[in-house]
Structures are given as C-alpha cells and as structure tokens.
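Novice: A single structure is presented below for examination.
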Amino acid sequence: MDVSERIEALFTAVGVTASLHAVDLDAVDLDAVDLALAGGGLDVGGGPEVGVRADEQVVIASIFKILLVLEFARQVEAGQLDPTERVLVTAADRLGGWGLAGCTDDAEVSLRDLAYFAMSVTDNTAADLLLRRVGPDLLPMLAAELGLTRTRVLGGPRDLVEMMLTDVGARTEAEFARIFPTLPADRVRAMRVFDPARTTSSTAREITRLLTLIWRDEAGPTAACAMVRTWMGQQIFWTRLAAGFPPGVRVSGKTGTLPGLHLEAGVAEYPDGGRYAIAVFARADRLAPRRIDVDLAMGEAARTAVEALRGD
C-alpha cells in the first residue's frame, strides 16, 4: 500500500473525504511546479510532495486568515499601518466565536493584537475588524501576486455570518442558533458557505504554496513573514495537525471549521531542520459539531505524509 492509499484509509475509517497536500518546503521548486501544473504533468505522489485530491477546489473558512495577517504584516513593514493603532471593539462589532467575540464589555486593543487573536484563537471579530482596516479588496490581489490562481477570497467573517443567516431565514445570530440544529443535513449542505464556487475557497496545494512562501521569506519582507510565523506558532488548538507529531516537532498552524468541515494548514519543523508545509481539508459524512476522531485522523494523515517525504 503506497502512502496515498494509507492516507485514504485513515480518512475512510472516520467517514470523511479529504484533500491533503504535504511538501518539503526547502526542497520544492515552486517555479518547476508552476510549469508542470500548466502542462498538466505533475505527479503528486513523488518527489518532495505527497497529495490526495490536492487540486480539488474546497471551502477554506478561517484558513483565509493567513492571507489576512500576511497582508497586515506587509502593510506594517511598508509603513502604511501602525501596529499599535488602537481599535475599540463594541457589542455591534462582535461575531460568534472565541476571543473578543465573547467579551461582554467594550474592549480596546491594538491592530497587532487583532492579528494575534485572529490567528491564536481564530477570533472572527478580530479578523473582521482587521480586514476593514487592511482593506478587503487587497486580499484577492495578494493571492494573485503570490501565484495562488485558484484561491478566491469572497468577503470576511461578517459576510460569512450574514450569508448563513440569510440561507436559514434567520434575522439574528440567536435566531440562527435556534433554527440551525433543526435543519435536515441536505438543507445544511445546500448552504452557500459549503459551496466552493460561492464562498472563500482554494486548494490544498495552493495553501501549502502560501505557507512555503511565508516560511522561505518569499511572501513579503522578511520581518512580515516572521510575524505570520510567530502568530501561527501561537495557535492554541492542538487536536488536528499537531496531534499527529511526536514531541520535539514544532507545529505552527491555522484551523478552519464549519459544520462537518475540519480544516487545518500548517508547518511541521523537525529538530534536524526539516520543514514541511501541510494542508488537510476534511469533509465529514456526519454534521456532528465535535469529531475528535476526525481531528486525530487529520494529524495521523499529516504525519504519514511527512514521514514519506522524510523517508522514515
């Protein structure tokens, strides 16, 4: 059984269909990959990469925040934004989720701390406020500049929430929380947030390209790339990619989650200097909100791919 078959077996065992791409970010020649893709001749099972449905267009949800904080960091380094600029977060700004979204009282934070919250606890409120300041129109331009030709950024967290409210016929988040659990699975699957053609989406290969550029200081100024790496290293969630790796391997990542969707992209750094960019985007057969078995399978699949790249 080759590595792709072993990875598929891990996904099948927990009832998910998944896209995966893993790459030795110090060995891959991105220009050669671009040429091979243009000619339709890339084999994703050999060389410095492993792939399973690596070029399938998929919803990426909060994974887009990597692009958001990269653009913020680039603007900081260009002198266009002051990272210490203060932002007042009010009740009207809050979206569902972690971090500032759960505050009862008004809070004042810096733009830099918005970036930290957006990455460390995938704070939707922080990401929405940072996106307003950075400029939402710039993210598609950044994706194009970095060669992410199939990465589509269609709005931010607030747009996503408003789309979901509309699709279930709810006027408020509280009303949505009451209605959503009563919907049949086919009605949920039909919502626009699950359609890669109608919401923010990309491919596993393009997201590992983005991570490779960031870790190789090729996505912008060195200091800007370093900021993004630091924030990704502060993510608190460990049950997905990080769970698959042994102690001593540093895993920096960014999760994305929607009902039935378990997503994460990150970089595993080994004590011997090996660095591997990984994206795993899993779609579960069941819409259960918490599936630790799926999360752990993602980590095991990521480790399996990286071990193949390392020849372990």
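Novice: How about region 281-312: which of its residues are closer than 30 Å to ALA27 by Cα and of a type in the set (A, V, I, L, M, F, W, C)?
Specialist: At the first step, the residues of region 281-312 found to be closer than 30 Å to ALA27 by Cα are 281-283, 294-312.
If the condition is that a residue be closer than 30 Å to ALA27 by Cα and of a type in the set (A, V, I, L, M, F, W, C), then PHE281, ALA282, VAL294, LEU296, ALA297, MET298, ALA301, ALA302, ALA305, VAL306, ALA308, LEU309 are the ones that fit.
Novice: Something else now. Does any residue in region 149-160 that is assigned to a helix (DSSP H, G or I) come within less than 7 Å, Cβ to Cβ, of a residue that is modelled with pLDDT of 90 or more and not hydroxyl-bearing (Ser, Thr, Tyr) six or more places away or on a different chain, and which pairs are these?
Specialist: Final answer for the pair search is PRO157/ASN124; PRO157/ALA127; PRO157/ASP128; ARG158/ASP128; LEU160/VAL193.
Novice: May I ask you to list the residues in region 38-60 that are buried (at least 16 other Cβ atoms within 10 Å of the Cβ), modelled with pLDDT under 95 and of a type in the set (A, V, I, L, M)?
Specialist: Matches in region 38-60: LEU42, VAL44.
Novice: If you don't mind, another one. Can you find a residue in region 107-127 that is of a type in the set (D, E, K, R), without any contact (Cβ under 8 Å) to a residue 24 or more places away in the chain and assigned to a helix (DSSP H, G or I)? Even if it seems obvious, please write down each step before you answer.
Specialist: At the first step, the residues of region 107-127 found to be of a type in the set (D, E, K, R) are 108, 112-113, 123.
Those left that are additionally without any contact (Cβ under 8 Å) to a residue 24 or more places away in the chain: 108, 113.
Adding the requirement that they be assigned to a helix (DSSP H, G or I) leaves 113.
Yes, region 107-127 contains a residue that is of a type in the set (D, E, K, R), without any contact (Cβ under 8 Å) to a residue 24 or more places away in the chain and assigned to a helix (DSSP H, G or I).
Novice: So, in region 88-127, how many residues would count as being farther than 30 Å from VAL251 by Cβ and either open to solvent by 60 Å² or more (accessible area, probe 1.4 Å) or among the β-branched types (Val, Ile, Thr) (or both)?
Specialist: 8
The values are calculated or read from the model by the stated rules, or taken from the named source; none is laboratory data. All values reported here derive from a predicted model rather than from experimental measurement. Note that each Cβ is placed from the backbone with ideal geometry, even for glycine, and that neighbours are counted across all protein chains shown. Areas reflect the complete protein model, heavy atoms only, side chains present, ligands, DNA and RNA absent. Shrake-Rupley method; radii C 1.70, N 1.55, O 1.52, S 1.80 Å.
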